[in-house]
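Notes for the one structure printed next.
The values are calculated or read from the model by the stated rules, or taken from the named source; none is laboratory data. The structure presented is a predicted model; accordingly, all values stated were derived computationally and were not measured. Every residue, glycine among them, receives a Cβ derived from its backbone with ideal geometry; neighbour counts consider all protein chains shown.
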Amino acid sequence: MAEQRTDVIIIGGGMVGLTLAVGLADSGFQVAVVEAREPPSWQPGQASNRVSAVTQASQRILDRLGVWEWIAFRRVSPFEAIRAWDAAGHAGVTFDAADRGEPCLGHIVENTLIQDALREAVARRGGVSLYCPVEVGNLDVTAERVRVRLGDGRRLRGSVLVGADGASSMVRAHAGIGVHGRDYGQRGIVATVTTQKHHGAVARQRFLPEGPLALLPLADGRCSLVWSAATVRADELEAMDEPEFSAALTAASEAVLGQVTASVDRAAFPLRRLHAESYVAPRVALVGDAAHVIHPLAGQGVNLGLLDAAALVDVLHQARERGRDPGGYATLRRYARWRRGDNALMQAAMDGFHWLFSNDDPLRSIVRNVGLGATDRLAPVKAMFIDHAVGQRGDLPSLARWRYM
Ligand SMILES: Cc1cc2nc3c(=O)[nH]c(=O)nc-3n(C[C@H](O)[C@H](O)[C@H](O)COP(=O)(O)OP(=O)(O)OC[C@H]3O[C@@H](n4cnc5c(N)ncnc54)[C@H](O)[C@@H]3O)c2cc1C
């Protein structure tokens, strides 16, 4: 079988890998994406329990790739405010889009919908070949080129290999890149829930000593639950029958939306932090969860991954414009320098939140309540938090900027 020549080979066709593929194709690169699993499709009649809080920066990236309209036409839920409060004490903070003259702070979108939209975009781009479902048989990376043999015998050759293959990245392992990690000792329980009162387009998060509980507004009036709890407690919650779980959930949410009833789609994920020691190796780059996994409490994981993808598009595009080898180590290191610091900062912030909120230490409870109250009253501090939440800060890649250059 003839070897297919391409510029960039991406292993992993999740939300981040596909975003990168479409962005690179729009910059004139030939791209191959290898994905091991056929993903579940979005169901118009049924909300999925896996959702993402998509920031404005991510929305702009998806918009410029021509997929946001496809997504928004089907089902998105804008959230106009974020309300966070501590289980111990009375202080809380509200971030309101109206304070900034914005219609919303972001959108809750089902992951399957983002993925379907990106697949549709890939199908429309001549420059992307999607190999799915197929396993990687063998990776062979030298100083000059990358070769991939697929499980079904097909062969690819390119000048850059990208690991977009998630937390257990085989590309990362193959490149000999180590990881720093930490298990939070928590599991995140997700489900679609019905609440007695309407959510009013507000994303709510209550900080409990065992972990944060988030109720994210959905378009059909229900909420998407992300409940992080210490492993033992999460196991108990998982084992509960529906009425028992619903009662526990109503109590844990302080019945802020009245009685909460959980649907049957409850699932749980172990929560950990992970950071690759390097984002690049000769001819290799890592993006998304292959490079960094963070606590879901601020809903930033995939948003950081989309910024990685957009930054890598910029760096490879500029290298080519200047007549340089896009897979050259100096080029790839530019990408690593750009993204690693930002992502490390977000991870550190999530660790700080976890340390401060996931416990019942009375001293930390005082600090939390004073901090939340002060944040709520101090307009500049609040504005800074909102900028972070909506993905407005930092050195944004072209696809994520207000003005596209
Ligand atoms: C409970 C929970 C809630 C979350 N909520 C949010 C949120 O609100 N907002 C947010 O931004 N983030 C959130 N996240 C994080 C977010 O889900 C991840 O950051 C995101 O899915 C990462 O996308 P990715 O494409 O990098 O990796 P993945 O989604 O892991 O995709 C990797 C892809 O690579 C494929 N693959 C793996 N190995 C191979 C191989 N060897 N060969 C070929 N293909 C391979 C996989 O099949 C998969 O399709 C949440 C996470 C959890 C656990």
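A few comments on the model shown:
- Meets criteria (surrounded by fewer than 20 Cβ atoms within 10 Å (Cβ to Cβ) and of a type in the set (Gly, Ala, Ser)) for Gly45: yes
- Residue that is surrounded by the fewest Cβ atoms within 10 Å (Cβ to Cβ) [pool: residues in the range 119-161 that are closer than 30 Å to Pro296 by Cβ, within 11 Å of the ligand (Cβ to nearest atom) and of a type in the set (Val, Ile, Thr)]: Val134
- The strands (runs of 3 or more DSSP E) falling completely within the range 215-318 that include 2 or more residues that are within 16 Å of the ligand (Cβ to nearest atom) and touching a Lys or Arg at 6+ places or on another chain (Cβ under 9 Å) map to 223-230, 267-276, 284-286.
- For the range 11-32, taking the residues that are of a type in the set (Val, Ile, Thr) and near the ligand (Cβ under 9 Å from one of its atoms), the one that is farthest from Ser58 (Cα to Cα) is identified as Ile11.
- Scanning the range 174-190 for residues that are out of contact with any Phe, Trp or Tyr (no Cβ under 6 Å at 6 or more places or on another chain) and closer than 26 Å to Leu225 by Cα gives Gly181, Arg182, Asp183, Tyr184, Gly185, Gln186, Arg187, Val190.
- Taken together, the residues in the range 180-198 that are under 23 Å from the mean Cα position of the chain (by Cα) and either outside the structural domain of Thr261 (by TED's automatic domain parsing) or not β-branched (Val, Ile, Thr) (or both) amount to 10.
- Conditions (1) in contact with a strand residue (DSSP E or B) (Cβ under 9 Å, 6 or more places away or on another chain); (2) crowded, with 24+ Cβ neighbours inside 10 Å: number failed by Thr19: (1)
- Qualifying residue in the range 276-288 (condition: more than 21 Å from the chain's Cα centre (by Cα) and of a type in the set (A, V, I, L, M)): yes
- In the range 1-29, the residues that are among the hydroxyl-bearing types (Ser, Thr, Tyr) reach residues that are assigned to a strand (DSSP E or B) and within 13 Å of the ligand (Cβ to nearest atom) with C-beta atoms within less than 6 angstrom, at least six apart or across chains, in these pairs: Thr6/Ala32.
- Restricted to the range 100-194, the set of strands (runs of 3 or more DSSP E) holding at least 2 residues that are among the hydroxyl-bearing types (Ser, Thr, Tyr) comprises 128-131.
- Failed item in (1) basic (Lys, Arg); (2) modelled with pLDDT of 70 or more; (3) within 30 Å of Cys104 (Cα to Cα), with Arg322 passing the rest: (3)
- Gly188 satisfies every condition listed in (1) away from the ligand (no atom under 15 Å from the Cβ); (2) over 21 Å from Phe29 (Cβ atoms) except (1).
- Inspection of the range 104-118 identifies at least one residue that is more than 14 Å from the ligand (Cβ to nearest atom) and either touching a strand residue (DSSP E or B) at 6+ places or on another chain (Cβ under 8 Å) or among the acidic types (Asp, Glu) (or both).
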